Amino acid sequence: MNKREFLKNVSLAAVGLPLINTSFANTLKTFEHLSPKQIASEEDFWLQVRKDYSLKPDYINLESGYYNIIPNPTLNHMLDHARMVNYEGSYYMRTVQWDNKKSMVSKLARVVGTSDKNLIITRNTTESLDMVIKGMDWVKGDEAVYAKQDYGAMQMMFEQISKRYGTKNTVVSIPNHPSSDEEIVSIYENVITPKTKLLMVCHMINITGQILPIKKICEMAHRKGVQVMVDGAHCVGHFQFKINDLGCDYYGSSLHKWLAVPLGTGMLYVDDKHIDKLWPVFAEHHREPGDISRLNHIGTHPVYHDLSIENAIEYYDMLGAERKESRLRYLQEYWTKKVRNQSNIIVNTPNDSHRACGIANVGLKNMTPKELAKKLMSDYNIFTVAINYANVKGCRISPNVFTTTDELDVFVRALKELAA
């Protein structure tokens with residue numbers, strides 16, 4: 001075995017160390033006879049999960065959407081990876097960092113349901129999707145379609161492309177409470193023209209938590225010859241799906257959200273037929289046709305965050321994808337059902353279970369979103385985020401697997417008191 005191969009095996013062995021004993025590892029055996037839906041409401045189980053987190057006691061954290069606090073087992077592994085990279089220094093960076101990153105891509109591909117040849121690790125969704133928008137060959141007169149509820153960073157990139165190349169942006173609006181999938185599809189379909197080149201759509205709208213019918217939207221757009229780029233920032237590790245089943249051309253996500261990977265990790269999926277057509281953000285050496293790594297030159301970066309992807313996936317698998325999704329949806333419906341019909345309270349998220357999961361948005365008729373967020377924090381020690389644009393006026397509520405129903409009871413009581 002040569003020295004390079006030896007170091008690769010040693011480094012990957014460190015990456016693959018088993019998780020330290022978690023608080024709920026043994027608890028799993030006690031509850032393994034229950035279905036994911038049954039275990040979603042078993043507070044004793046989730047209290048054991050909560051023990052794997054170090055949570056600041058000053059407030060109830062209902063803002064997991066920006067960044068998911070990672071469990072201590074994943075955090076400890078990240079620190080071990082940082083020490084290992086620091087110990088090996090340039091030797092590690094010049095020999096096996098790319099081999100290890102490819103290993104992480106393969107493990108991630110299994111979780112998101114695609115092939116590793118179509119996937120790269122990025123730093124976040126913004127980087128992933130802006131790479132697509134900026135990397136396409138735009139000409140004057142080309143058109144793009146997106147919604148006013150889409151994330152601002154991508155909207156700004158579309159605006160920059162418009163100023164630079166003379167393209168046209170068509171902006172639609174998604175209702176908070178659609179009547180059907182067909183209503184959503186038709187909103188996009190009605191604005192597509194022969195000049196439409198790219199359609200951007202959220203898999204889960206970040207400000208309301210609404211899940212859109214991506215497969216149906218992609219089928220419609222492809223019939224008209226339009227490419228579809230999906231913003232899945234809040235989806236990986238949140239609810240189950242397979243990218244290959246969606247039929248999209250591009251898919252970006254932030255792994256430091258619901259998959260609970262350390263900050264600064266994201267991913268981009270590119271369909272085979274587009275890999276060689278996109279211009280990378282940073283110029284790269286020659287690659288063979290179809291090699292997606294040509295898009296992944298981002299310079300020197302904290303590789304130990306990438307190495308932690310495997311550990312986050314191991315924790316996610318131990319918790320159980322179905323169990324996690326069921327719990328997140330249970331928590332959202334636990335509190336939204338208690339306030340949907342209350343006077344002065346407006347829930348900006350669909351009631352149908354398949355149209356949402358853990359995230360929802362709520363507002364008060366007698367208070368601005370900013371005032372509501374401020375009162376929740378000052379009077380009830382509840383931290384959340386105010387949203388006041390694109391026909392959404394309220395606070396985004398995003399509990400996590402460490403959130404208890406007792407905490408949500410405090411939140412519900414606060415809403416009812418403030419609405420009175």
With Cα springs under 10 Å, the Gaussian network model of the chain assigns the largest mean-square fluctuation among Gln155, Gln38, Gln97 to Gln38
Please give the contour-minus-distance gain from Met93 to Glu322: 0.36 nm per residue of separation, less the Cα-Cα distance, rounded to one decimal in nm.
78.8 nm
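With a cut-off of at most 14 other beta carbons within 10 Å, and DSSP calling the residue loop, which trypsin sites (Lys or Arg not before Pro) in the range 123-167 qualify? Please list them. The partial results should precede the final answer.
Numbers: sites: Arg123, Lys134, Lys140, Lys148, Lys163, Arg164; in loops: Arg123, Lys140, Lys148.
Loop-located and lightly packed - Lys140, Lys148.
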Here, Glu417 and Lys370, labelled 7 Å along Cα→Cβ, have an inter-label distance in nm of 2.4 nm
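With +1 on the Cβ of every Lys and Arg and -1 on the Cβ of every Asp and Glu, and nothing else charged, how large is the dipole of the chain about its Cα centre, in debye rounded to the nearest 20? Numbers along the way, then the final one.
Values: 50 positive and 47 negative charges, 128 e Å.
Result for the chain is approximately 620 debye, rounded to the nearest 20.
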Based only on other Cβ atoms within 10 Å, what is the fewest-to-most ordering of Tyr188, Tyr146?
Tyr146, Tyr188
Output the relative contact order of the chain, whole-number percent, from Cα pairs under 8 angstrom with separation of 6+ residues.
22 percent
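Rounded, prolate or oblate: which one fits the range 203-289, using the alpha carbon gyration tensor with axes a ≥ b ≥ c (rounded when a/c is under 1.5, else prolate when a/b beats b/c, else oblate)? Working shown, then result.
Working: a/c = 2.32, a/b = 1.14, b/c = 2.04.
Because a/c hits 1.5 or more and a/b fails to exceed b/c, the range 203-289 counts as oblate.
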Which of Ile205, Trp258, Thr125, positive extreme of dipole for the range 95-313 (C-beta unit charges):
Thr125
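I'd like to know how the range 95-313 sits against the 2.2 N^0.38 Å rule of thumb: what's its Cα Rg over that expected value? Intermediate values should be presented prior to the final figure.
On the way: Rg = 16.8 Å, N = 219, 2.2 N^0.38 = 17.1 Å.
Cα-based Rg divided by the globular estimate yields 0.98.
How do Arg323, Arg340 line up, fewest other C-beta atoms within 10 Å first? Could you put the intermediate results ahead of the total?
Working: Arg323 24, Arg340 14.
Lowest to highest Cβ neighbour count: Arg340, Arg323.
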With unit charges on the beta carbon (Lys/Arg positive, Asp/Glu negative), name the residue among Thr170, Gly290, Cys235 whose Cα is farthest towards the positive pole of the charge dipole of the range 95-313.
Thr170
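Assuming R0 = 41 Å, what is the FRET efficiency of Val139 and His177, from their Cβ-Cβ distance, to the nearest 0.05? Kindly include the intermediate steps, with their values, before the conclusion.
Numbers: r = 38 Å, r/R0 = 0.94.
Once the sixth-power term is evaluated, E becomes 0.60.
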So for the range 95-313, averaging the separation of alpha carbon pairs under 8 Å that are six or more residues apart and normalising by length, what relative contact order in percent results?
26 percent
Can you work out the FRET efficiency for the pair Ser106 and Ala153, with r the C-beta to C-beta distance and R0 = 30 Å, to the nearest 0.05?
0.60
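Contour minus end-to-end for His286 and Lys56, with contour as 0.36 nm per residue of separation and end-to-end as the Cα-Cα distance?
78.0 nm
Have a look at the DSSP beta bridges in the range 95-313 and tell me what percent are antiparallel, nearest 5. Each step should come with its number before you reach the end.
On the way: 10 of 26 bridges.
Restricted to the range 95-313, the bridges split so that about 40 percent are antiparallel.
Using Cβ counts within 10 Å as a stand-in for footprinting exposure, how do Thr125, Thr336, Thr403 rank, fewest first?
On the way: Thr125 28, Thr336 22, Thr403 25.
Taking fewest neighbouring Cβ atoms as first place, the list is Thr336, Thr403, Thr125.
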The chain, helix-only ellipticity at 222 nm - DSSP H runs n ≥ 4, -39,500 (n - 2.57), divided by all residues, nearest 500
-13000 deg cm²/dmol
If unit charges are put on Cβ atoms (+1 for Lys and Arg, -1 for Asp and Glu) and the dipole of the chain is taken about its Cα centre, the option from Ala321, Gln149, Ser180 lying farthest towards the positive end turns out to be Gln149
Simple label model, 7 Å out from Cα along Cβ direction - Lys117 to Lys224, nm:
3.2 nm
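What size of dipole, in debye to the nearest 20, comes out for the range 95-313 about its Cα centre when the only charges are +1 on Lys and Arg C-beta atoms and -1 on Asp and Glu C-beta atoms?
Working: 24 positive and 25 negative charges, 51 e Å.
Here the size comes out at about 240 debye.
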Just to be sure I understand: if I project the alpha-carbon convex hull of the chain onto a plane and average over all orientations, what area do I get in nm²?
21.6 nm²
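Values in this text are rule-based calculations from the coordinates and carry no lab data. Computed from a prediction, not measured in an experiment: that's the story for all the values here. All Cβ positions, glycine included, derive from the backbone under ideal geometry; neighbour counts span all protein chains shown.
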